[in-house]
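Down below is the structure, laid out as structure tokens.
The values are calculated or read from the model by the stated rules, or taken from the named source; none is laboratory data. Computed from a prediction, not measured in an experiment: that's the story for all the values here. When we count neighbours, we look across all protein chains shown, and the Cβ atoms used for this are built from the backbone with ideal geometry, even at glycine. Protein only, heavy atoms only, side chains kept; ligands, DNA and RNA dropped before computing areas. Shrake-Rupley method; radii C 1.70, N 1.55, O 1.52, S 1.80 Å.
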Amino acid sequence: MAGSGGLGGGAGDRQGTGPGQGPPLRAPRAPLALVALVLGTYCLCALLRHCPPTSRAPAPAPARTELPRAARRPGVPGLPVASGSGRRRFPQALIVGVKKGGTRALLEFLRLHPDVRALGSEPHFFDRCYERGLAWYRSLMPRTLDGQITMEKTPSYFVTREAPRRIHSMSPDTKLIVVVRNPVTRAISDYAQMLSKTPGLPSFRALAFRHGLGPVDTAWSAVRIGLYAQHLDNWLPYFPLSHFLFVSGERLVSDPAGEVGRVQDFLGLKRVVTDKHFYFNATKGFPCLKKAPGSSRPRCLGKSKGRPHPVVPPAVVQRLQDFYRPFNRKFYQMTGQDFGWD
């Protein structure tokens, strides 16, 4: 979507043959002290974000296989709604990444499925809240009935070194979904979100490169997240590739029903969410959900999704495309998918 919270648009995909192409950029780099101060403040705020509030977990109710007809989901005969019945389970599937790839859109699309019960907020259990314990984590989950899948999404799991081991300890059978997007566009989208929260940030170029257009600064999170092959290497000692599904953020825009169909197949679900559920919102630049029965209007992601990207000089885009190319190709080889970013 176009913008920082969406799935497409922004800088565009540019190809080149070498890092030296593009006109030289001579604007001075932001003073080092200012960069450190602003980034330090941003990182401190991120670290201080709280886990979801602790609450005493209610005693799980026994699972029920049948509910009165009035409690069944409208339009799906015989399918019960797991609102106050069922029990809380650990997620059988996780959307583990990546930030600004389209994870929120995918989660909202999947929540249309009657056999998917998903936590709406990001619990950040396996990266920031692990000390709360597995019982606390399970208490956050929605109740499910037999045959329904529990899910949650926290995009930072994919780049958290401890997450694979922790998730494996919970269940080695967990299914893992990674939504990936052209790493250059993703980085610009990430920066746009940062800029909306911290207007005084230095320019994208000043943060992405050392010394003007010197070496790419992989210490900056917006750049580092896009090294998908390196992050995947961290997961493979714990989970085989068969436990992963890699979703294209670009195709989630151009063909949402097709990508969601792949996800439903991966989860062992009937293809209930189809093209009849989507329409393309030209104003936002990404797919939205058609009006549901009983609703007054269609459902689109919030105002923070589809945020305009800042203008980034073509030479900066070209340099980053060149930088990511070998990492992208390794990722294609590892996953057996060519995402077309090069």
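Lys-Lys pairs in the stretch 131-278 that are eight or more residues apart or on separate chains and whose Cα atoms lie under 23 Å of each other come to 4. A cut-off of 5 Å between modelled amide H atoms, ignoring neighbours fewer than 5 places along the same chain, links F209 with D217.
Peptides 92-105, 231-244, 253-266 ranked from most to least packed by the mean count of surrounding Cβ atoms within 10 Å: 92-105, 253-266, 231-244.
Highest mean packing first, where packing is the average number of other Cβ atoms within 10 Å per residue, the peptides 143-156, 207-220 line up as 143-156, 207-220. Taking every protein chain into account, the accessible area of the stretch 95-139 amounts to 31 square angstrom per residue (probe 1.4 Å).
Solvent-accessible area of the stretch 98-249 (1.4 angstrom probe, protein heavy atoms only): carbon and sulfur portion equals 49 percent.
Computed from backbone phi, the HN-Hα couplings of the stretch 245-259 come to 10, 9, 9, 7, x, 5, 6, 5, 8, 6, 8, x, 5, x, 5 Hz, rounded to whole numbers (Karplus: 6.51 cos²θ - 1.76 cosθ + 1.60, θ = phi - 60°; Gly and Pro given as x). For a straight C-alpha distance cut-off of 16 angstrom, the aspartates and glutamates reachable from K330 (same-chain residues fewer than eight places away being disregarded) are D233, D322, D338, D342. Inter-part distance, the stretch 90-116 to the stretch 157-230, computed on C-alpha centroids, equals 19 Å.
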